[in-house]
Amino acid sequence: MILGIGTDLANIDRIQGVLTRHGDRFKKRVFTEIEQAKASRRKDEAGTYAKRWAAKEACSKALGTGLRMGIAWRDMAVSNLSSGQPIMQVTGWAKKRLDEITPVDHEAIVHVSLTDDHPWAQAYVVIEARPLA
Ligand SMILES: CC(C)(COP(=O)(O)OP(=O)(O)OC[C@H]1O[C@@H](n2cnc3c(N)ncnc32)[C@H](O)[C@@H]1OP(=O)(O)O)[C@@H](O)C(=O)NCCC(=O)NCCS
């Protein structure tokens, strides 16, 4: 069954502006080491961050919480399989919320899909619950 869906569009130029103004402080506050390493290897650093920003917003919508001041952004993190497919990992408050919405005897799987076409970056998140065998 589907527990939640979320979507978000992020403007790459706006993210570039934040990167220019706040640089490392923004990166370290919002993104995990894996996300920062991926972006720093890319020519389109801002686009890579914008997709991951959109993924965090979309994930918070799928979790049904939305974003509040003071939430730990790094508790919703994107990494990539060797095929390039993105996966979303939740920790801390986001994992706690995921556990709360997951029915007993089920496991939750967080699906994520990303795309960008300048100036937009987009993410979809779907949270599925599967019965435990
Ligand atoms: C997946 C693919 C369709 C992406 O299309 P695109 O128009 O280049 O790029 P988009 O902007 O739409 O999407 C990029 C995002 O697609 C996602 N993506 C990449 N590979 C993916 C895959 N195998 N499955 C699902 N999503 C994938 C990633 O999240 C990527 O963003 P990120 O690298 O910042 O995480 C294209 O790269 C492709 O056909 N790849 C398969 C073959 C390949 O080149 N593999 C290389 C690794 S072996």
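Between region 86-133 and region 13-32, the C-alpha centres lie 24 angstrom from each other. In the frame of its principal axes, region 1-116 has Cα extents of 45, 35, 23 Å, reported largest first. The ranking of Thr32, Thr7 from fewest to most other beta carbons within 10 Å of each one's beta carbon is Thr7, Thr32. For His106, the residues 5 or more places off, or on other chains, whose built amide H falls under 5 Å of its own are Leu132. Non-local lysine pairs in the chain, meaning eight or more places apart or on different chains, with alpha-carbon distances under 26 Å, amount to 27.
Taken about its Cα centre, the chain carries a charge dipole of about 520 debye when Lys and Arg each add +1 at the Cβ and Asp and Glu each add -1 at the Cβ.
Readers should treat all values here as calculations from the given coordinates under stated rules, not as data from a laboratory. Note that this is a predicted model, so its numbers are computed, not measured. Note that we place each Cβ from the backbone using ideal geometry, even for glycine, and neighbour counts take in every protein chain shown.
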